[in-house]
Every structure is written in C-alpha cells, then in structure tokens.
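The structure appears below as structure tokens.
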Amino acid sequence: MATNSIAISKDVKTTSSWQGAVVILGRFFFALIFLFAAPNHFTKQSIAFSASQGVPLASIAVPLSGVVAIVGGLSIVLGYRAKLGAWLIVLFLIPVTLMLHKFWTVTDPMMAQIQMILFMKNVSMLGGALLISQFGAGPFSLDARRSR
C-alpha cells in the first residue's frame, strides 16, 4: 500500500519548496494565536478574570503564562528549538484549559457550549504542540539549518 504522506522531521532530504512552504505556514498559523493572545496576559482585566476563576497567584501566574506563550510561539514560528517551544506551549495549555474553560461547572447552556468549544480548541492545540514536540519544526527551519 503506497502513501503520499511526508514526514516533517528535519531528516527529510527530499522536501520540495511547496512542502516546506506548507510546513512554515502551518507553524505560523499554529503559533499565531499564542503570539496574538499573549499581550493580553499583562492586562489588569485578564489578571482579575483569572483570579475570579480560581487561578492561584494570578498577578504572577498570568503574566508568566504570557511570557511562556510568547517564547513558545516565537520558538515554533521561527523553527528555533521548536521542540522546546512546543513543550512550553504544552506547559501553557494544560493549566489554562483546565482552569479557565471548566464547561462542566457552567449552568447557563449557551455559556457552557462556548466554554466547551474553547476547551476543545485548546485540546486540539495541545495535540498540535505534542506533535511538534516530537517531530520538530520541519525541514525549512532554523533548527534544520543548524543541524546541517
């Protein structure tokens, strides 16, 4: 049985420009949400909301999570130590997902639905981060260039 699948590890030697562009675009789209949302982690409103949701030491934890999201997102989008950057995103996503999107505690059906969607979005991104943590940034990345 033949397949047309392509590994995205840095060891792939026969990657076309088109395939490399798709990998770069995938990294960009994946990291975009972390890079755009992270600055909000430094606002009083986000810190107050997180504290109201039971985040311990929110005045420290929320800005720290913003730093983790920025560093992890930049690492992935640039393809520089992307496996480490992906683990930072995993470290970011697990507590954020479990503490801020507790759809099972929401009584209003519409808000419960929104929180469930946000929870599942984060679970999906967690899956993507875990894949990057294992396979890296791909052939057209600073990691791949560094390993030559």
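Being under 17 Å from F49 (Cα atoms) and touching a helix residue (DSSP H, G or I) at 6+ places or on another chain (Cβ under 7 Å) is the filter here, so list the residues in the stretch 113-124 that pass it. The answer is Q115, F119.
For the stretch 61-81, residues that are in contact with an Asp or Glu (Cβ under 9 Å, 6 or more places away or on another chain) and over 15 Å from L32 (Cβ atoms) total 2. Being aliphatic (A, V, I, L, M), modelled with pLDDT of 95 or more and surrounded by 15 or more Cβ atoms within 10 Å (Cβ to Cβ): is that true of A82 here? Judged against the criteria, A82 is a match.
Within the option set I70, I132, I94, being touching a residue at least 40 places away in the same chain (Cβ under 8 Å) and within 13 Å of the chain's Cα centre (by Cα) holds for one residue only, I132.
For the stretch 33-67, residues that are open to solvent by 60 Å² or more (accessible area, probe 1.4 Å), of a type in the set (G, A, S) and closer than 22 Å to M125 by Cα total 0.
The values are calculated or read from the model by the stated rules, or taken from the named source; none is laboratory data. Keep in mind that this is a model prediction, so the values were computed, not measured. Cβ atoms come from the backbone with ideal geometry, glycine included; neighbour counts cover every protein chain shown. We work out accessible area using only protein heavy atoms, side chains counted, and drop any ligands, DNA or RNA first. Shrake-Rupley method; radii C 1.70, N 1.55, O 1.52, S 1.80 Å.
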